[in-house]
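See structure below.
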Amino acid sequence: ATLALEPRVDALYPAVLLPGRARNGDAVVVQCLGRCLVGPLLEDVEGVLRVSTLRIERAMVVADRRVLVLDCEQLAASALRGLPAFKKLIDLMQRHYPETVSSIIVVNSPLLVWAAYKTVKPWLDPTTAAKVQLFSWRDAEGAFAALSALME
C-alpha cells in the first residue's frame, strides 16, 4: 500500500536520495520543501508518514546516517498549515530513527523559515537541534560552503 502512495507523495513533496555519499560516508537526501503542496498532503498525513518512513529506510540501505538538505526556495506562508503534520514526522523520526541524521542544512530560507524554526526547535531533541544550519537565499556563499564541505 505504501508503494502505491509513493508517486503521489513524490509529486506533492519532492525528495531525492543522491547517488554516492557525503565525505563522512553518510547518505545525502535533498527535500524540496518550497515545492511541497501542503494542502493535498494534509489530506493523507498517515500516508505521507508511511512514504517518509520508506524514504528513510532506503537512505539507511546506503548508510546508517544521513544528511538532510532542505531547499526552501519558493516556500509560501500557506506551508505553515503543515506544521502539525511536520511535528508528527519529527516525532516519528526521533522515536524510531534516533541519531540517524548527522546534519540538517536548510538552504534558500525566507524569513518565514527563520520564524517557523523558532516554533519547531523546541520539538527537536537538543542534539538534533544543534545539527541544524539555516542559510537565507541571500547567503548563497554560506550555503555553498556548507554543502561543499559536506561533499568534498
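Looking across the stretch 30-44 at every residue that is in contact with a Leu (Cβ under 7 Å, 6 or more places away or on another chain) and assigned to a strand (DSSP E or B), the one that is surrounded by the most Cβ atoms within 10 Å (Cβ to Cβ) is identified as GLN31.
Would you confirm, using the coordinates I've provided, whether ALA27 is among the small types (Gly, Ala, Ser) and open to solvent by 30 Å² or more (accessible area, probe 1.4 Å)? Answer is no for this residue.
Report, by residue number, each residue of the stretch 129-147 that is open to solvent by 40 Å² or more (accessible area, probe 1.4 Å) and either among the hydroxyl-bearing types (Ser, Thr, Tyr) or not in a helix (DSSP H, G or I) (or both). Residues satisfying the conditions are ALA130, GLN133, TRP137, ARG138, ASP139. Here PRO98, PRO126, PRO110, PRO122 are screened, and the one residue that is open to solvent by 20 Å² or more (accessible area, probe 1.4 Å) and under 17 Å from ILE56 (Cα atoms) is PRO98. Being within 14 Å of the chain's Cα centre (by Cα), acidic (Asp, Glu) and over 21 Å from GLN94 (Cα atoms), is that true of even one residue in the stretch 33-52? No, the conditions are met nowhere in the stretch 33-52. When every residue of the stretch 84-93 is checked against the conditions, none turns out to be open to solvent by less than 80 Å² (accessible area, probe 1.4 Å), assigned to a helix (DSSP H, G or I) and in contact with a Lys or Arg (Cβ under 6 Å, 6 or more places away or on another chain). The single condition among (1) without any contact (Cβ under 8 Å) to a residue 24 or more places away in the chain; (2) crowded, with 18+ Cβ neighbours inside 10 Å that PRO19 does not meet is (2). Of all residues in the stretch 45-79, how many are assigned to a loop (DSSP other than H, G, I, E, B) and open to solvent by 60 Å² or more (accessible area, probe 1.4 Å)? The total comes to 4.
The values are calculated or read from the model by the stated rules, or taken from the named source; none is laboratory data. Every value quoted in this text rests on a predicted model; they were computed, and no experiment measured them. Cβ: placed from backbone, ideal geometry, glycine included. Neighbour counts: every protein chain shown. Each accessible area value is taken on the protein alone, full model and side chains, heavy atoms only, with ligands, DNA and RNA left out. Shrake-Rupley method; radii C 1.70, N 1.55, O 1.52, S 1.80 Å.
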